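One structure is given here, and the rest of the page talks about it.
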Amino acid sequence: ERIRNRWAKVLEFAIVREKRTKARRNGELLSWQEAVKVFYDHPRTQMVSGFMVMAFFIVDVVQTEWQTSIHADEVFNALDICFTSAFTLELALNMYGNWFWNFFVDGWNMVDLFSVAVSILALFSNLDLSSMRLIRAFRVLRLIKRVTSLRIIINSMAASLPALSGASILFFLLTATFSIMAVNFFGTREPTLRDFSSSMFTVSPRIFI
């Protein structure tokens, strides 16, 4: 009986110590994650990231202008590797600091993830790079995430889409109504109003006047 009680106490002590160790490790991991999140969300970090995005865009413009130079291609490839590595590190910090749901619920993070994935695929694959470079050119959109005024404009435009869809429907109904009237009244005398489709093409610009 004493031996059984002793073993029970030893097992209980081991379980408690293991729970404390796991809690301490989780706490250290959480503290590191919070520190990385604070570092990534700092305005200076976002400013440096924005400058990198603009620098990459300028390099992409220059590469498009000087795309026939062999020596320039070597320089641009080296710069591409540097920028891709920097953006991959930035994405890793963002994912670690905001893992899991906070990262994937943000649409701009998905833009970052997609652009970095395309850049890595363009570096380490033998596929046609022309289309990938075309997609990579949109990486400058990542700048919107880091500039508050631009982000406000994009969010406002997205919020106004339901109202704009209603206005588009109203415009179509008005144009279709006047097009039907134009075909009935002037279809036999005016070639541009002989049918509904031609009348729509003719009438629609006049609606804005």
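The values are calculated or read from the model by the stated rules, or taken from the named source; none is laboratory data. Everything quoted here is computed from the prediction, not taken from an experiment. Because the Cβ atoms are built from the backbone with ideal geometry, glycine has one as well, and the counts that use them run over all protein chains shown. Heads up: the accessible areas ignore ligands, DNA and RNA and are worked out on the full protein's heavy atoms, side chains in. Shrake-Rupley method; radii C 1.70, N 1.55, O 1.52, S 1.80 Å.
Descriptive notes on the structure:
- Cβ-derived FRET efficiency at R0 35 Å, residue 184 paired with residue 160, nearest 0.05: 0.45
- Each peptide among 166-173, 105-112, 56-63 gets the average number of other Cβ atoms lying within 10 Å of its residues, and from highest to lowest they stand as 56-63, 105-112, 166-173.
- A 1.4 Å probe run over the protein chains yields, for the stretch 64-105, 69 Å² of accessible area per residue, whole-number rounding.
- Rolling a 1.4 Å probe over the protein heavy atoms of the stretch 46-96, with every protein chain left in place, gives an accessible area that is 77 percent carbon and sulfur.
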